[in-house]
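Here the structure comes first, spelled out in structure tokens, and everything after it is commentary.
The values are calculated or read from the model by the stated rules, or taken from the named source; none is laboratory data. None of the values given here were measured: they were computed from a predicted structure. Counting neighbours? That spans all protein chains shown, and the Cβs are built from the backbone with ideal geometry, glycine included. To get the accessible areas, we keep the full protein, side chains included, count just its heavy atoms, and leave off ligands, DNA and RNA. Shrake-Rupley method; radii C 1.70, N 1.55, O 1.52, S 1.80 Å.
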Amino acid sequence: MTKVNGLVDKLAFWLGWIALLQGCMVKSLPYDYSASIECLPEPLEPQYGGGILRNADFSAGLRGWSTFGYGSIAESKSAAGNGFAVALNRTRAYQSVSQKVYLQGDTHYTLSAWLQVSDASADVRAVVKTVGDFVHAGGVVAKAGCWSMLKGGLTAASSGPAELYFESNATVDLWVDSVSLKPFSKDEWTAHRAQSVVAARKKTVRLQATDSAGNPLEGAAVSLDAVRTNFPLGAAVSRYILTNSAYQTWFASRFAVATFENEMKWYSTEPAPGREDYTVPDAMMAFAKSNGIAVRGHNVFWDQPSQQPGWVQSLPYPQLLAAASRRIRSVMSRYAGQVIGWDVVNENLHFNFYEGRFGWDASTAFYAAARLLDTGSALMFLNEYNTLEQPGDMAALPARYLQRLQQIIAAYPENGAGMAIGLEGHFTKPNIPYMRAALDTLAQAGIPVWLTEVDVAPGPSQAQHLEEVLREAYAHPAVQGIVIWSAWQPQGCYVMCLTDNNFKNLPQGDVVDRLIAEWRASPRAGATDAQGYFEADLVHGEYKVTVSHPALNSSISRSVKVELGSGSEHYFIDMQV
């Protein structure tokens, strides 16, 4: 009977534990958008209390943690008494502290950790070892003498055992603290996204209609007609739009922003030294203007060696300097005041054609010249790929991106005015938790963030993956615009088309149209209540508000801008009829 009673007690315990877990799952924690880009004397507390990790803050020494890769780990404490783990005597990049976990399939995991190294600095990457795979979940540039926050994530492809560990590009001692691995179901993730859309893209507008004596008008007819939506959604466009009326109609009816795919690049506008030809981009600019479409200037320079005009690649220093000076003056003077942003130095983290010839501060000089040549409100972008797409690409980590941004500004502080973050977004299978975490980190710079060249690799899930990426970008409070990289050409698009050659939507195009309709500032109509109030939840944008009342002979119209404000959730408008 004792054994039976023991089994009953154990069964009751596990059933109670399962019920507790289910209760926790019903009441999901809100998503934590916070991140830190400062190197701190002491790490912050682990997000979500560590999530599913045990002893996430190492307050119980090394309990729950083990060594990875036949290395050695030890417990250490700071002068302030904070405990952390140290992976020491490392001879391999992957030797570090680790913890075994069990992942639930089809579940998003957000990951964070605080890291430090014993000497200089090192690129540190978080890796989750699953059955048969090693999944990169994020990275950071860790330094000696202070703690840096890594924020990343992954989606578990299937349920099963896994192990979290860290690896670096240098075999210095690695310090680890305040680690978190928090699961969210797809439904929870979607709910968080919807909440963020309401907070970042919409506002409750409340207006009151009164007569000339200030008395509220009950039953006044109110209409709010949408003039424009604040959030810019655009696409790349090719020269073929100039001669294809179907392309023109399809594009102009959808997009607020255009990026010329190749036509403004140096190799297109100056194919031979001194022989400039802006005929095509001029015509494309005229088309955009005539249809009220804003244009991003893409690009002034491209740091990739293979993308230079053929005649530029072998120029000696003096001739290259003269050619580059002529290029930036030519293209930027021509289109200054006509574009909303410039990709001044494209893909500056992966390549260094100009730095290799002019010195490490070449990009600083280019951005300084760009600001002098276009003194308007155009944003100056540092445009790069893999910062959102690939947590395993250490060259383009959010921390590395921000480090490069700071270098460009530090040497010439005036460059800080009007700088913007350009994230290309060429995805294979999107890692959505990592994408959100990367945006969280980049948001700490406090400057505009755009996704500038969004596409998804071909495959049966292309449209679904595109929708996931676009929804995630739109919902993030730091993102101020999206451009889809889908310029049409008769021979096919770069990676992803939205239509066929007859401009009938492909599944990807249907996704875009559905989102445009969902995000558009829509008209609203109704009547005021007994106190003369009318209330509506509106997407940020511009509206024409018209109020009339049957007892009066006149109506009144007013233009109203609904924008993100720092005060009340309600936006009050007094309409005197």
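When Glu414 is tested against (1) acidic (Asp, Glu); (2) within 12 Å of the chain's Cα centre (by Cα); (3) over 19 Å from Glu472 (Cα atoms), only condition (2) is not met. The condition of being of a type in the set (Lys, Arg), assigned to a helix (DSSP H, G or I), within 21 Å of Met419 (Cα to Cα) and modelled with pLDDT of 95 or more holds for Arg329.
Residue count for the stretch 88-102 satisfying the condition of being outside any loop (DSSP other than H, G, I, E, B) and not hydrophobic (A, V, I, L, M, F, W, C): 5.
With respect to the conditions (1) without any contact (Cβ under 8 Å) to a residue 24 or more places away in the chain; (2) among the small types (Gly, Ala, Ser); (3) crowded, with 18+ Cβ neighbours inside 10 Å; (4) not assigned by the TED database to the domain that holds Leu442, Gly509 lacks only one, and its number is (4).
Among the residues of the stretch 319-363, those identified as open to solvent by less than 10 Å² (accessible area, probe 1.4 Å) and among the hydroxyl-bearing types (Ser, Thr, Tyr) are Tyr335, Tyr354, Ser363.
Within the option set Ser363, Ser377, being in the same structural domain as Gly425 (by the TED database), within 22 Å of Leu451 (Cβ to Cβ) and either part of a helix (DSSP H, G or I) or in contact with a Phe, Trp or Tyr (Cβ under 7 Å, 6 or more places away or on another chain) (or both) holds for one residue only, Ser363. Per the conditions (1) more than 25 Å from Asp277 (Cα to Cα); (2) touching a helix residue (DSSP H, G or I) at 6+ places or on another chain (Cβ under 7 Å); (3) among the small types (Gly, Ala, Ser), the sole criterion not satisfied by Ala365 is (2).
Restricting the first member to the stretch 160-175 and to residues that are in contact (Cβ under 8 Å) with a residue 12 or more places away in the chain, and the second to residues that are open to solvent by 30 Å² or more (accessible area, probe 1.4 Å) and in a strand (DSSP E or B), the beta-carbon pairs closer than 6 Å and six or more apart or on different chains are Pro161/Tyr102; Ala162/Thr130; Glu163/Lys100; Glu163/Lys129; Glu167/Arg125; Asp173/Leu88. Taking into account only those residues within the stretch 262-317 that are of a type in the set (D, E, K, R) and open to solvent by 60 Å² or more (accessible area, probe 1.4 Å), which is nearest to Ala369 (Cα to Cα)? This residue is Glu276.
One residue stands out in the stretch 245-271 among those that are assigned to a helix (DSSP H, G or I) and not hydrophobic (A, V, I, L, M, F, W, C): the one that is farthest from Thr229 (Cα to Cα), namely Tyr267. Residues that are more than 19 Å from Ser148 (Cβ to Cβ), in contact (Cβ under 8 Å) with a residue 60 or more places away in the chain and surrounded by 15 or more Cβ atoms within 10 Å (Cβ to Cβ) do not occur anywhere in the stretch 34-47. Taken over the stretch 311-335, the residue count meeting the criterion of being of a type in the set (Gly, Ala, Ser) and touching a strand residue (DSSP E or B) at 6+ places or on another chain (Cβ under 9 Å) is 1.
Say whether the condition of being part of a helix (DSSP H, G or I), touching a residue at least 60 places away in the same chain (Cβ under 8 Å), surrounded by 15 or more Cβ atoms within 10 Å (Cβ to Cβ) and out of contact with any Leu (no Cβ under 9 Å at 6 or more places or on another chain) is met by at least one residue in the stretch 457-468. Checked the stretch 457-468: no residue is part of a helix (DSSP H, G or I), touching a residue at least 60 places away in the same chain (Cβ under 8 Å), surrounded by 15 or more Cβ atoms within 10 Å (Cβ to Cβ) and out of contact with any Leu (no Cβ under 9 Å at 6 or more places or on another chain). Of the residues making up the stretch 181-197, just one is β-branched (Val, Ile, Thr) and open to solvent by less than 40 Å² (accessible area, probe 1.4 Å), namely Val197. If only residues of the stretch 367-417 that are within 17 Å of Ile37 (Cα to Cα) and hydroxyl-bearing (Ser, Thr, Tyr) are counted, the one that is surrounded by the most Cβ atoms within 10 Å (Cβ to Cβ) is Thr387. Exactly one residue out of Ala226, Ala235 is among the aliphatic types (A, V, I, L, M) and open to solvent by 20 Å² or more (accessible area, probe 1.4 Å), and it is Ala226.
Residues are listed down the side, and each one gets a yes or a no for (1) in contact (Cβ under 8 Å) with a residue 12 or more places away in the chain; (2) over 20 Å from the mean Cα position of the chain (by Cα); (3) within 28 Å of Gly337 (Cβ to Cβ):
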position: Ala199; (1), (2), (3): yes, no, no
position: Ala221; (1), (2), (3): yes, yes, no
position: Arg239; (1), (2), (3): yes, yes, yes
position: Gln248; (1), (2), (3): yes, yes, yes
position: Val257; (1), (2), (3): yes, no, yes
position: Trp266; (1), (2), (3): yes, yes, yes
position: Ala272; (1), (2), (3): yes, yes, no
position: Ser290; (1), (2), (3): no, yes, yes
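From the list Arg125, Arg92, the one residue that fits, being of a type in the set (Lys, Arg) and touching a strand residue (DSSP E or B) at 6+ places or on another chain (Cβ under 7 Å), is Arg125.
Among the residues of the stretch 64-87, is there at least one that is among the basic types (Lys, Arg), assigned to a strand (DSSP E or B), surrounded by fewer than 18 Cβ atoms within 10 Å (Cβ to Cβ) and touching a strand residue (DSSP E or B) at 6+ places or on another chain (Cβ under 7 Å)? Yes. In the stretch 167-178, the count of residues that are at pLDDT 95 or above, open to solvent by 20 Å² or more (accessible area, probe 1.4 Å) and under 20 Å from the mean Cα position of the chain (by Cα) is zero. Only residues that are in contact (Cβ under 8 Å) with a residue 60 or more places away in the chain and over 17 Å from Val86 (Cβ atoms) were counted across the stretch 144-159, and they come to 6.
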